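The values are calculated or read from the model by the stated rules, or taken from the named source; none is laboratory data. In this text, all values refer to a predicted model and were calculated from it rather than measured experimentally. Every residue, glycine among them, receives a Cβ derived from its backbone with ideal geometry; neighbour counts consider all protein chains shown. Surface areas here come from the heavy atoms of the whole protein model, side chains and all, with no ligands, DNA or RNA. Shrake-Rupley method; radii C 1.70, N 1.55, O 1.52, S 1.80 Å.
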Amino acid sequence: MALIQDANMFPRDFAWGAGTAAYQVEGGWQADGKGPSIWDTFCHEKGRVFGDQSGDVACNSYELWERDLECIQQLGLTHYRFSLSWSRLLPDGTTRHVNQKGVQYYNKVINDLVGCNVSPMVTLYHFDLPQALQDQGGWKSPCIASLFESYAKFCFQTFGDRVKLWITINEPYVCAKLGHEDGIHAPGLKEPGVTAYLVGHNMLRAHAMAWHGYNSYFRTAQRGLVSLAINSDWIEPLNTHCEEDIAATERYLAFTLGWFAWPLFVTGDYPEIMRSAIDAESKKLGYNGSSRLPSFSKDEPTILGTADFFALNYYTSRKIKQGEGCGNILCMKSDRDAGEVLDASWPICGVSWLAVVPDGLRKLLKYIKDTFKNPAVYITENGFSQVGPLQIEDDQRSKFYKDTIMEIAKAVQADRVDIRGYFAWTLLDNFEWADGYSVRFGLYHVDFEDEKLSRTMYQSGREYSKIILKHKFSQ
Ligand code: GAL
């Protein structure tokens with residue numbers, strides 16, 4: 001590709017990062033006054049997680065943070081994305097009681113990063129709701145939005161002098177669907193066709209209230225940016241000449257990326273295709289309640305414009321065909337009526353859902369530019385998993401990173417997408433939710449059999465650090 005030159009492929013201050021999330025790495029689930037979260041509860045119930053594993057200890061980053069910092073420095077990262085455990089800071093979820101040990105821990109992490117010239121990107125919520133709030137209805141309860149707003153303000157107040165990039169909520173789609181429709185993530189609710197929409201709605205309300213709080217009280221002094229991380233695959237019709245497949249693709253997109261991006265970036269409300277599909281299915285099944293997709297109240301802060309950048313988590317691509325319901329019961333699958341197909345030419349890495357399609361990322365970035373008014377974009381997650389025998393010389397993952405970063409360069413140079421940074425998922429092998437420790441996404445291997453939890457850089461870590469070095473020097 002003629003346009004791609006080796007030097008200056010990326011903007012001067014491009015963020016080269018990697019990410020983690022509190023429950024996946026910290027351990028210390030009861031240490032120093034931390035309250036339980038829904039993931040603690042979920043993992044302690046038998047049969048929920050692969051091998052009944054849990055994040056009780058995980059990578060023990062709560063005690064081994066300095067070792068993580070060494071990894072971050074060895075890689076040469078300019079940015080590090082991590083999440084705060086809400087119940088480590090506020091054990092019952094409210095600001096009535098602050099756990100100072102939790103504050104100390106995150107202050108140390110942030111100060112160490114800043115001291116090493118690594119900018120923190122901080123996620124306030126990465127799947128681990130305080131159990132005390134779940135007991136009051138969790139994300140189903142409308143009250144959760146103002147509780148989240150108070151938590152967010154507490155974090156801006158406490159850490160915002162040093163943190164300039166904030167993600168309020170990670171992947172509301174995953175929290176809503178996997179946690180409340182499919183029941184395979186905490187809190188493990190299986191309430192298809194209703195609860196996920198309510199949860200997604202309260203997450204958007206919570207996010208918007210937090211953003212407005214930042215805007216009104218902290219932005220002038222702190223000068224940071226706040227967004228919400230949206231996961232999306234790149235999707236295309238299975239048969240590009242088939243009207244039904246084309247319509248199914250639009251519907252699928254409305255129920256995934258559009259569900260959250262449309263309210264934030266386009267209209268302040270859900271995509272019309274989504275609402276009409278849900279209402280039509282309700283009618284078909286004789287569901288008499290009000291629309292299962294809630295409406296935003298005019299008396300609450302607006303949703304539109306409450307993202308200072310587009311935070312994208314991209315892992316894979318899909319072809320879409322019409323039709324995939326669950327029979328005569330309410331469920332999201334029937335509402336969206338679109339099935340996913342894997343292209344046989346796409347290699348699968350590790351887990352079955354993860355087809356390796358680096359150029360899907362470029363296409364998605366272009367779509368985001370065109371659809372959402374050319375926003376600044378951070379790719380806040382992207383990665384490659386390994387299962388089965390350990391391979392420190394992970395050639396395939398190394399190639400994956402090279403190919404992916406080349407696609408991003410094309411998106412920057414040829415498509416002129418305003419991409420500000422890339423965060424590999426993930427710094428360390430860690431607790432991969434329902435898959436426990438059986439799936440490894442790390443740039444560092446963690447030996448979970450070894451009581452020291454030793455960290456060893458994968459070949460892909462070396463590859464990524466070479467890429468970073470090359471581009472940092474061209475800045
Ligand atoms: C994302 C999630 C991460 C990580 C990743 C790999 O959905 O935000 O925590 O687990 O998937 O599966």
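Listed values, structure above:
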item: Residue 329 accessible area, 1.4 Å probe, all protein chains in place, Å² to nearest 10; result: 100
item: Lone cysteines, the chain (no partner Cβ under 4.7 Å); result: 43, 59, 71, 116, 143, 155, 175, 242, 349
item: Two-decimal ratio, segment 237-286, of alpha-carbon radius of gyration to 2.2 N^0.38 Å; result: 1.26
item: Portion, in percent, of the accessible area of segment 360-475 that falls on carbon or sulfur, probe 1.4 Å; result: 50
item: Trypsin sites (Lys or Arg not before Pro) restricted to segment 80-119 and DSSP loop, no more than 12 other C-beta within 10 Å; result: 96
item: Reachable lysines, given that their alpha-carbon falls under 23 Å from the alpha-carbon of residue 466 and they are not under 8 places away in the same chain; result: 399, 402, 410
item: Accessible surface ranking that places the most exposed of 242, 155 first, with a 1.4 angstrom probe; result: 242, 155
item: With DNA, RNA and ligands ignored, accessible area of residue 201 (1.4 Å probe; Å², nearest 10); result: 10
item: Aspartates and glutamates whose Cα lies under 14 Å from that of residue 177, excluding same-chain neighbours fewer than 8 positions away; result: 191, 335
item: Part-to-part distance (alpha-carbon centres) for segment 323-386 and segment 123-198, which is given in Å; result: 22
item: Potential lengthening between residue 56 and residue 247 on full extension [0.36 nm per residue; Cα-Cα distance subtracted]; result: 64.3 nm
item: Cα-based radius of gyration of segment 113-167 once divided by 2.2 N^0.38 Å, which approximates compact folds; result: 1.35
item: Other-chain or far-sequence residues with amide H under 5 Å of residue 26's (modelled H); result: 59, 61
item: Area projected by the alpha carbon convex hull of segment 289-352, averaged over all directions, nm²; result: 8.0
item: Estimated distance in nm for a label pair at residue 418 and residue 373, the labels positioned 7 Å out from Cα along Cα-to-Cβ; result: 1.0
item: Sites residue 275 and residue 141, calculated FRET efficiency, Cβ-Cβ separation with R0 30 Å, nearest 0.05; result: 0.85
item: Solvent-accessible area of residue 103 with every protein chain in place, 1.4 Å probe, in Å² to the nearest 10; result: 10
item: Length-normalised contact order of segment 6-105 in % [C-alpha pairs under 8 Å, at least 6 apart]; result: 37
item: Solvent-accessible area per residue for the chain (1.4 angstrom probe, square angstrom); result: 38
item: Square roots of five times the Cα gyration tensor eigenvalues for the chain, Å; result: 31, 28, 23
item: Residue 266/residue 46 FRET efficiency (R0 51 Å; Cβ-Cβ; nearest 0.05); result: 0.70
item: Sparsely packed GluC sites (Glu not before Pro) within segment 347-421, loop by DSSP, other Cβ within 10 Å at most 15; result: 393
item: Cα gyration tensor of segment 363-420 - equivalent ellipsoid semi-axes, whole Å, descending; result: 29, 12, 8
item: Rotationally averaged projected area of segment 157-248 (alpha carbon convex hull; nm²); result: 8.5
item: Estimated distance in nm for a label pair at residue 132 and residue 184, the labels positioned 7 Å out from Cα along Cα-to-Cβ; result: 3.3
item: At most 15 other Cβ within 10 Å, DSSP loop - trypsin sites (Lys or Arg not before Pro), segment 402-475; result: 416, 452
item: 5 Å binning of all Cα-Cα separations within segment 207-320, expressed as whole percents from 0 upward; result: 2, 11, 16, 17, 17, 15, 10, 6, 3, 2, 0
